[in-house]
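Visitor: Quick one: structure below, then a few questions.
Laboratory data are not the source of any read-out in this text; all were calculated from the coordinates shown. Note that this is a predicted model, so its numbers are computed, not measured. Positions of Cβ are backbone-derived with ideal geometry, glycine not excepted, and every protein chain shown enters the neighbour counts.
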Amino acid sequence: MKKHIFDKFTDAVCHHTKLDQKDIFTKSKEPRIVLARQSLFYLCLDRGLTRAMITEYMAEEGYNIGGAAIAYGITVIKNLIETDPDFKNILDELSKIDDRYSQGKRIIIKEKIDKNEEPPKIYKNKGWKGWADFLGKKIKIFKPLIILIFVFAS
């Protein structure tokens with residue numbers, strides 16, 4: 001149900017740590033991989049996913065882990081947050097997956113505008129007035145004014 005959130009956090013953690021997804025979902029005790037995996041657990045739980053959901057999504061990716069191990073990983077991350085303010089800042093940035101997703105859409109649309117191409121239709125159906133509003137730009141549209149002159153023949 002919330003797999004898309006799990007996937008976005010996985011991408012964010014992998015991008016930040018410069019690890020491949022296969023690394024996170026491999027049984028490895030390498031500290032940087034373990035820390036990345038524990039960070040993923042923390043971010044997911046903080047966003048509202050349950051330990052059962054995290055367990056399920058990890059299993060779907062080929063990594064079987066129990067709820068107790070996830071709880072331990074979250075505890076490790078909470079301790080790191082208390083002792084290392086930089087780590088808290090990193091997790092705060094990684095937790096902004098919705099902002100990052102929106103920013104990515106804005107970049108795609110901006111590239112389309114720069115190339116004078118029509119933006120993808122999926123962006124028009126989100127309730128915005130148009131892609132210019134989505135980008136925060138105001139585009140002046142001059143509608144031609146048609147004046148009809150009636151000549152009365154007398």
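Visitor: I need the calculated FRET efficiency for the pair Ser95 and Glu60, taking r as the beta carbon distance and R₀ as 25 Å, to the nearest 0.05.
Guide: On the way: r = 22 Å, r/R0 = 0.88.
According to the calculation, E is roughly 0.70.
Visitor: Given the convex hull over the Cα atoms of the stretch 30-76, what projected area results after averaging over all orientations, in nm²?
Guide: 3.0 nm²
Visitor: To continue, here is another question. Can you list the residues of the stretch 1-33 with backbone N under 15 Å from a point 7 Å past the Cα of Val76, pointing along Cα to Cβ?
Guide: Those under the cut-off are 24-33.
Visitor: For the stretch 79-93, in order, what is each residue's ³J(HN,Hα) by Karplus, 6.51 cos²θ - 1.76 cosθ + 1.60 with θ = phi - 60°, in whole Hz (x at glycine and Pro)?
Guide: So the J values, rounded to whole Hz, are 5, 5, 4, 5, 9, 10, x, 5, 5, 4, 4, 4, 5, 4, 5.
Visitor: Shifting gears a bit: For the residue pair Ala69 and Phe87, what label-to-label distance in nm results when each label sits 7 Å from Cα along the Cα-to-beta-carbon direction?
Guide: Computed distance between label sites Ala69 and Phe87 equals 2.0 nm.
Visitor: Using Cβ counts within 10 Å as a stand-in for footprinting exposure, how do Ser39, Ser28, Ser95 rank, fewest first?
Guide: Ser28, Ser95, Ser39
Visitor: Could you please rank Thr10, Thr55, placing first whichever residue has the fewest other Cβ atoms within 10 Å of its Cβ?
Guide: Working: Thr10 21, Thr55 18.
Ascending Cβ contact count within 10 Å gives the list Thr55, Thr10.
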